[in-house]
Every structure is written in structure tokens, then in C-alpha cells.
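Asker: My questions will all concern the structure given below.
Bear in mind these aren't lab numbers, they're just calculated from the coordinates by the rules spelled out. Keep in mind that what you see is a predicted model, and the values were worked out from it rather than measured. Here the Cβ positions follow ideal geometry from the backbone for every residue, glycine too, while neighbour counts run over all protein chains shown.
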Amino acid sequence: MAAFSPPPGTADIFPAEAGSWRFLENTAAKVFSAYGYGELRTPVFEYTEVFQRGLGGETEVVQKEMYTFEDRGGRSLTLRPEGTAGVMRALTNTDVANGSEQRVFYYGPMFRGERPSAGRRRQFHQIGVENVGRCAPLIDAECIAMLHNYLRAIGITGAVFTVNTRGVMDDRPPAEAMLREYFSGHIDAMCPDCRTRLDRNIWRILDCKQEACGRIITEAPDYSQCFSAASREYFAAVQEALTRLGVPFRVDSRLVRGLDYYVHTVFEVTHPGLGGQIAIAGGGRYELFLPGEKKPLPGVGFAAGVERLLMVREALGVPAPSVAVAGAFLIGLDAASRMANLVLADRLRAAGIRVELELEERSFKSQMRSANRCGAVCALIRGDSEMARGVAILKNMADGTQVEVPEDRLFEAISQRMA
Ligand code: HAM
């Protein structure tokens, strides 16, 4: 039966759930538009180098998790593991390269070959934004505040915002030296992954989740002391703006985020409803080199995981948005009335009215059951005797009262009941 289940780490989204997905997407569009963001849709696969260059060859995602394949011409393509690199690639074709600001949001599937578990999928969905072309602490704070407002708009309260600074590229060598000196003295007690990270990418040690490493990491020296005064002022300005905007946050120097493109501000959002372990959203400021460009392009953005947002809403008991629309059910008791009902349904639906009807030969009782099940406001009933007299019976489903309506008045009568 395996062929009838979706592959591990993927899922089918049925109509009962899809209403919540649409609500999250529509609310995102509404909230982000108020900040001047417009929607951008990029392909779900890109040339592999878009992610290799964008995310950094040393990142876990690029090394272990990408779904990469060759097209017929032998070019390497990859299913997008995240949205930022593709957005930046797309923006090369706009005037952002000449210094203008672009604010875009996106939603859609992302793909990472991770071990599936609660809240961890191989195909998952992100709602994200990128603000490209400008660099200022107030822009970072505005972006984080927008995420805060979005979470509130979808009923998520109690989210925990953690922020940190990664400084700029020039700040890193002295900070790395400080960390390397400290971790070298403890490396024998750390996990095998951290031992390789010591030489390959020391920053990754800071977000190691192994218990034994955790204790050592907590006592690591404050590497941000090695950052330039300008970088420290930048981060102080972000924090001040967040406070002024009423966004509660905590600073954690262990937050480095898993992707290599970040500079200055990084942030992550967790929620106690999911045990506080897995992030519901994450982002930060970054610099990305566009193909053929010598100067990196600055940007700031975030992405939230839709599946995880839905898990938090469920944990908080936020009711799913009601998708039920008042509608009518048309019951036909013979071939001629079913045909007449089909034509009437077509007119009503064109006017935006939800109509369900039985087009197969079914008993009156079974059709009434369907009318009840679909929550219809009224049922129209006709058979050969009503057809012969040019009328139909209109039944109010709430109180069971019914009236006879002439055929040429049916459209108006049903429309009025739906108003
Ligand atoms: P990220 O932290 O890798 O950042 O992913 C953002 C969010 O996507 C996570 O916080 C989580 O909610 C969700 N997510 C990631 N992996 C999975 C998974 N396997 N299953 C379910 N949900 C997952 C980025 O992707 C950056 N592009 C964010 C960004 C935008 N930074 C700047 N701009």
C-alpha cells in the first residue's frame, strides 16, 4: 500500500485543513502589504549554484539536505530548500541592482531531505519576506515587528523572540580566534560533529543541540566584544527600536542560525506550545552575491514554517477559520427536474451562490440527508408533479417550513434567502 501513502515527510492537505492554510496566506498578504511588500513567485527549482553560493557550501542544508538532480542537458538543478536565494536571483533582473529597495513576500513549498519528525518535513511550506537593497538597524526592527504583528493577526500569542548579532564579515576573524581558543580546550568532551566544526566552521558549534556540548557552549566567552564599535551600535539600535515598537525579545549569543549568509541581526521565534525547541520562524540580515556582481546585495527577511504555525494554533486552541458558506441544496426526483436543477444551479453559482445538488438518481430521503450534511440554508425540492405545474418547493432547513415558488421566481427566492 506504500504507493498510496505520500512519501515520508510529505503530506496531503485536505479541504478541511486547507481553509486554515489559506487563512494564514491571506493574512500574510494583508499584513505584509500594509508595510509595502508585494508578492513574488519564483520557481520551485533553481540551478544548484544559486543555493550553493547563496547559502554557503559549509551549511548543513547544502551539504546534506538538498534534493539535487540533473536536467536532460546535464545541468544540475535543486528543489529549493528555502526562499531567500531564489528571491535574490530573481531580483537581479530588477532595478534593485542599481540601488533601489525591493520588498517582497512569498509562500510555497520548500524541500529538505531531513529525518521526518513532529514539525519536521521533507516538503514543508514557508511564508517569508525579503527586504532587499537597504541596510539600517531600523529596517531590521521593522521587519521583526512585522513578524510579531503577523503572528498576532493569526492568533498566535506568547511567541518568544530571540535576537543576536553576527557582526559583519570583518568582525568574524577576531571573534573566531577567541572561540577557537576556548573550544580547543574543551573539544575532547564534545560531540564528533563539533570536533570537525572546530576547524571547518566554528560558529556551528554554538548551535549544537547535544547535551554534553550545551554546558560547554553556555560558558563560552562573549565573542561580540571583539566586534567593531559600529557593529555593536548597530545591534543596540535594533534593540532600542524593538523596545519602542513593543516587541518583547531576549538576546542569546548562541543564536547564529544555520545559513552562512547572515550578518548583523539574526532572530528566531519559538513557542512554548511546541516545547520551545523547534523554531516557528527565523531570519535575519544578510549579504548575498548576485551572479556576476562584485558587491554583495544587502537584505533582511524571515520565513515562518506554515506547518509549525498551524501546530501552535492548535496547541493554543485557536479555532480553524469557518469556511462554511451559506448555500442551497437542489433535490430532483426525476430526470426532468434534475436537468432543470442543473441549469438553475449554474445561474445561481454564476451569481456567487454556493449550490450543491444531486445529479444521480437517488431517493428523496438520501437527498435530504445530503442537504442536512452540507449545512444548506434551504432545499429546493421538485419532481414530476411540481414540474408539471411549473413550481418547486422551497424548504427552510432551520425550521422545516416550506413554500411553493413558481419556476420563474426561483432564482430571486433563493438569492434572497442567501443574502
Ligand atoms: P530557516 O530557519 O531555515 O530559514 O527556516 C525558516 C522556518 O522554516 C523555520 O523556522 C521553520 O519554521 C521552517 N522549517 C525549516 N525547515 C523545516 C522542516 N524541515 N519542516 C518544517 N518546517 C521547517 C530560512 O529558510 C531563511 N531563508 C529565512 C530567511 C529569510 N532569512 C532571511 N530571509
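Asker: Considering only C-alpha atoms, what is the centroid distance from the stretch 28-55 to the stretch 133-176, in Å?
Answerer: 18 Å
Asker: Also, I was wondering about something else. Which whole-number percentage describes the relative contact order of the stretch 5-120, with Cα contacts under 8 Å and a sequence gap of 6 or more?
Answerer: Value for the stretch 5-120: 33 percent.
Asker: What relative contact order, as a whole-number percentage, does the chain give when Cα pairs under 8 Å and 6 or more residues apart are counted?
Answerer: On the way: 694 pairs, mean separation 61.4, N = 419.
Relative contact order, the chain: 15 percent.
Asker: Still on this structure, please answer the following. What's the angle, to the nearest 10 degrees (0 to 90), between helix 306-316's Cα axis and the longest principal axis of the chain?
Answerer: With rounding to tens, the tilt is 80 degrees.
Asker: Helix 335-350 versus the longest principal axis of the chain: what is the Cα-based angle in degrees, 0 to 90, to the nearest 10?
Answerer: 40 degrees
Asker: Here's a follow-up. Determine, from the Cβ-Cβ distance of residue 29 and residue 350 and an R0 of 25 Å, the FRET efficiency 1/(1 + (r/R0)^6), rounded to the nearest 0.05. Mind dumping the intermediate values first?
Answerer: Working: r = 26 Å, r/R0 = 1.06.
Calculated value: 0.40.
Asker: Here's something else I'd like to know. Please compute the contact order of the stretch 245-318 in relative form: average sequence separation of alpha-carbon pairs under 8 Å and at least six residues apart, divided by the residue count, as a percent. Write out the running numbers ahead of the final one.
Answerer: Working: 92 pairs, mean separation 17.5, N = 74.
It comes to 24 percent, rounded to a whole number.
Asker: How much of the DSSP beta bridge set in the chain is antiparallel, as a percent to the nearest 5? Mind showing how you got there, number by number?
Answerer: Working: 52 of 65 bridges.
Roughly 80 percent of the DSSP beta bridges within the chain come out antiparallel.
Asker: Exactly which trypsin sites (Lys or Arg not before Pro) in the stretch 1-76 are in a DSSP loop and have at most 12 other Cβ atoms within 10 Å? Write out the running numbers ahead of the final one.
Answerer: Details: sites: 22, 30, 41, 53, 64, 72, 75; in loops: 41, 72, 75.
Those that pass, being in a loop and sparsely packed, are 41, 72, 75.
Asker: Relative to the longest principal axis of the chain, what angle (0 to 90°, nearest 10) does the C-alpha long axis of helix 229-244 take?
Answerer: 30 degrees
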